[in-house]
Amino acid sequence: MNLRCARILVTNDDGINAPGLKVLEKIAKSISDDVWIVAPESEQSASGNSITLTLPLRVRKAGTRKFAVNGTPTDSVLLGVQHIVNGKKPDLVLSGVNAGGNLGEDITYSGTVAAAMEGTLLGLPSIALSQMRVYGENVRWGPTEKYAVRIIKKLTRETWPSNVLMNVNFPDRPVKDVGKVEVTVQGRRKIGSAVTTGRDPRGYDYVWIGAERNEDPSLRGSDLKAVNEGKISVTPLCLDLTHKRSMPLLRKILK
């Protein structure tokens with residue numbers, strides 16, 4: 001793909017005003033002169049591959065070739081490709097940069113990954129990008145700003161399968177301490193290990209799911225292990241969730 005001539009659709013799940021979107025907009029515009037931005041009006045973290053079917057959606061123009069959608073990341077990509085972007089369809093979808101990693105089972109919840117997934121479903125090469133962070137502290141965007149362009153260019157030199165998207169995670173390290181790029185498998189990391197209860201000012205009880213995760217950073221070759229070692233993780237994700245090795249047994253017991 002000739003990125004200088006490519007039409008790039010930029011999106012995210014943190015919302016149209018998110019700092020990470022500004023980072024990705026700058027990255028995209030450094031490699032192409034034809035960049036469109038279509039992102040959710042507000043934060044949609046952990047929305048997964050949710051699509052709005054029972055309510056009307058509204059599109060707000062937020063700048064030159066920049067639009068906000070009052071829906072999910074999936075809605076944003078779908079409307080961007082099918083309704084908003086004029087003329088030819090995008091050649092590439094970039095989603096992010098998410099403020100926080102999308103690793104392990106996070107990807108099943110992630111709106112950042114879901115946006116790239118929707119791009120893939122629409123037949124477009126798609127890359128999700130996330131910057132690891134320590135929650136409660138400022139995000140260090142340096143690793144993404146330094147290395148994202150190089151990785152995007154390398155990934156788009158080749159044609160990968162039409163049902164595959166790329167999930168890229170940058171470590172939370174000073175730029176000088178960032179290690180090599182490692183091609184990884186999806187690790188094991190499940191959100192929801194901490195649930196807090198309380199009572200709101202009106203006297204009603206509530207339950208709040210915390211950000212803490214049960215994770216296994218030791219799994220060899222995993223995205224979690226890579227970023228914990230200061231490396232950049234690139235994981236090819238497949239839309240086909242079929243576990244093919246189970247099929248012979250199922251055919252045997254269900255005949």
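Read-outs throughout are calculated quantities, based only on the coordinates presented, and are distinct from any laboratory measurement. Just so you know, these numbers come straight off a predicted model, no measurement behind them. Neighbour counts run over all protein chains shown; Cβ positions are idealised from the backbone, glycine included.
Taking the number of Cβ atoms within 10 Å of each Cβ as an exposure proxy, the fewest-first ranking of M1, M117 is M1, M117.
Fewest-first ordering of W208, W141, W160 by other beta carbons within 10 Å of each residue's beta carbon gives W208, W160, W141.
Among the GluC sites (Glu not before Pro) within region 179-248, not one is in coil by DSSP while having at most 10 neighbouring Cβ atoms inside 10 Å.
Taking one quarter of the surface of the convex hull spanned by the alpha-carbon atoms of region 166-255 gives a direction-averaged projected area of 10.8 nm². Think of each Lys and Arg Cβ as +1 and each Asp and Glu Cβ as -1; about the Cα centre, that makes the dipole of the chain roughly 720 debye.
Dipole orientation for the chain: of the candidates N167, S42, Y109, N167 has the Cα lying most toward the positive pole (charges on Cβ; Lys, Arg +1; Asp, Glu -1). Do any of K88/K146; K153/K231; K29/K225 go past 20 Å between their Cα atoms, and which? In this structure, K88/K146; K29/K225 lie more than 20 Å apart at Cα.
Projecting the Cα positions of I232, L53, T74 onto the charge dipole of the chain (unit charges on Cβ atoms of Lys, Arg, Asp and Glu, taken about the Cα centre) puts I232 furthest along the positive direction. Each Lys and Arg Cβ is given +1 and each Asp and Glu Cβ -1; about its Cα centre, region 119-255 then shows a dipole of about 600 debye. A crude spin-label estimate for the pair R150 and K26, with each label 7 Å from Cα along the Cβ direction, gives 1.8 nm. Report the residue, chosen from G104, G15, G203, that carries the largest GNM mean-square fluctuation when the chain is represented by alpha-carbon nodes joined by springs under 10 Å. Largest GNM mean-square fluctuation: G203. Choose one answer from S233, S47, S32: the residue with the largest mean-square fluctuation in a GNM of the chain with alpha-carbon springs under 10 Å. Looking only at S233, S47, S32, the biggest GNM fluctuation is shown by S32. Scaled against the 2.2 N^0.38 Å expected of a compact globular protein of N residues, the Cα radius of gyration of region 6-87 reads 1.02.
Stretching S162 away from D177 to a fully extended chain increases their span by 2.0 nm, per 0.36 nm per residue minus the current alpha-carbon distance. Based on Cα contacts under 8 Å between residues 6+ apart, region 15-99 shows a relative contact order of 34 percent.
Residues whose amide H comes within less than 5 Å of that of V181, counting only those at least five positions distant or on another chain, are I232 (H built at 1.01 Å from N in the peptide plane). Taken over the C-alpha atoms, the chain has Rg and Dmax values of 18.8, 59 angstrom.
Listed by Cβ neighbour count within 10 Å, with the fewest neighbours leading, D240, D13 appear as D240, D13. So what's the back-of-envelope 222 nm ellipticity for the chain, counting only DSSP H runs of four-plus at -39500 (n - 2.57) apiece and dividing by all residues, rounded to 500? For the chain, the value works out to -7000 deg cm²/dmol. Annotation: amide H-H contacts under 5 Å for D14 (H modelled 1.01 Å from N, sequence separation of 5 or more, or interchain): Q44.
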